[in-house]
Structures are given as structure tokens and as C-alpha cells.
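The values are calculated or read from the model by the stated rules, or taken from the named source; none is laboratory data. Keep in mind the model is a prediction, meaning the values are calculated, not measured. Please note: Cβ atoms are built from the backbone with ideal geometry, for glycine as well, and neighbour counts cover all protein chains shown. Protein only, heavy atoms only, side chains kept; ligands, DNA and RNA dropped before computing areas. Shrake-Rupley method; radii C 1.70, N 1.55, O 1.52, S 1.80 Å.
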Amino acid sequence: VQLQASGGGLVQAGGSLRLSCAASGRTLSTYAMAWFRQNPGKEREFVASIRWSGGMKYYAASVKGRSTISRDNARNTVDLQMNSLRPEDTAVYYCAAGPSWAVASTTSDDFGSWGQGTQVTVSS
């Protein structure tokens with residue numbers, strides 16, 4: 001599966017951003033999709049995941065209640081709506097695809113396909 005992330009930018013603390021991950025592939029329904037984020041010198045950090053076939057969603061504690069992951073079957077996208085952004089949300093955000101069971105994983109190694117990343121910067 002090929003992934004293309006977009007939607008990052010510069011926003012003030014308290015603001016919102018919507019990240020989008022366009023996916024292409026013939027068997028998207030068998031995948032789990034996720035968003036991770038990474039800052040220089042740090043490990044890639046799990047943000048949220050969703051099973052493409054629907055139902056299960058998981059969130060990191062740091063974003064739970066402020067973010068919503070969703071998928072749009074018509075557009076073949078997985079979106080991450082982020083509200084009440086904080087400076088500590090600043091990172092490069094990556095979308096990822098993995099096997100369906102990986103929806104419950106927070107480990108980047110469980111996801112085999114990655115988009116190119118989109119920068120999110122939250123100013124204080």
C-alpha cells in the first residue's frame with residue numbers, strides 16, 4: 001500500500017489541524033492504519049490507530065480526548081483531527097499501514113508501510 005500524508009502546518013496553541021493520509025492499494029480493507037509522530041533524536045511515538053474495516057480505534061493517552069481518527073472509504077483516506085493543540089504536539093507526523101491485528105499495537109515496527117511525514121508545529 002502506498003501512503004501520502006498531508007495537512008500539517010503551523011498553528012497556535014489551542015488551535016486545530018486535520019491531517020490526511022491518502023492510501024492506495026487493492027486490499028485496504030485488510031489493513032490497520034495509524035498515525036505516529038517523531039521529533040529529532042527521539043523514537044517514533046504512537047498517536048492513534050484504526051482498522052480500515054471499521055470499529056476499533058486506539059489513541060495514545062497524550063492525545064486522547066483531543067484527537068479523532070477516522071477513515072473515508074470514498075476518498076481512501078485516513079484522517080486525524082487534532083484539537084486543543086499544545087506545543088508538545090509539535091513533531092513530524094507519519095501515517096502507517098500494517099496488518100489488521102496491528103490496530104492494537106503502539107510499536108512502529110508492526111507497521112510495514114509509511115508515508116513521507118508532515119510537519120506539525122504548535123507555537124505557544
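Under the 0.36 nm per residue contour assumption, what length would be gained going from the current alpha-carbon distance of E43 and S124 to full extension?
Taking 0.36 nm per residue and subtracting the Cα distance, the gain is 26.8 nm.
In whole percent, how big is the carbon plus sulfur part of the accessible area of region 6-124, probe 1.4 Å, protein atoms only?
Summing carbon and sulfur atoms, their accessible area is 47 percent of the total for region 6-124.
Near L19, once Lys and Arg are set to +1 and Asp and Glu to -1 for all other residues with Cβ below 12 Å from its Cβ, the sum equals 0.
With θ set to phi - 60°, apply the Karplus curve 6.51 cos²θ - 1.76 cosθ + 1.60 along region 96-104 and write out the HN-Hα couplings as whole Hz, x wherever there is a Gly or Pro. After applying 6.51 cos²θ - 1.76 cosθ + 1.60, I find 9, 10, x, x, 3, 5, 5, 4, 9 Hz. Which one, A48, V120, A74, projects farthest toward the positive side of the charge dipole computed for the chain from Cβ point charges (K/R +1, D/E -1)? Checked the options; the winner is A74. In this Cβ point-charge picture (+1 for Lys and Arg, -1 for Asp and Glu), the chain has a dipole of about 260 debye about its Cα centre. At the residue level, T27 shows approximately 70 square angstrom of accessible surface with a 1.4 angstrom probe and all protein chains present. Summarising the label geometry, the points placed 7 Å from Cα in the beta-carbon direction at R18 and S53 lie 2.8 nm from one another.
Rank C95, T30, A5 by how far each Cα sits towards the positive end of the charge dipole of the chain (+1 on Lys, Arg Cβ; -1 on Asp, Glu Cβ) and give me just the farthest. Positive-end residue among those listed: T30.
Rolling a 1.4 Å probe over the protein heavy atoms leaves D110 with an accessible area of roughly 50 Å².
Once the 1.4 Å probe is applied to the protein heavy atoms, the chain comes out at 49 Å² accessible per residue.
Semi-axes of the equivalent ellipsoid for region 12-57, computed as √(5λ) from the eigenvalues of its C-alpha gyration tensor and ordered from largest down, come to 24, 15, 11 Å.
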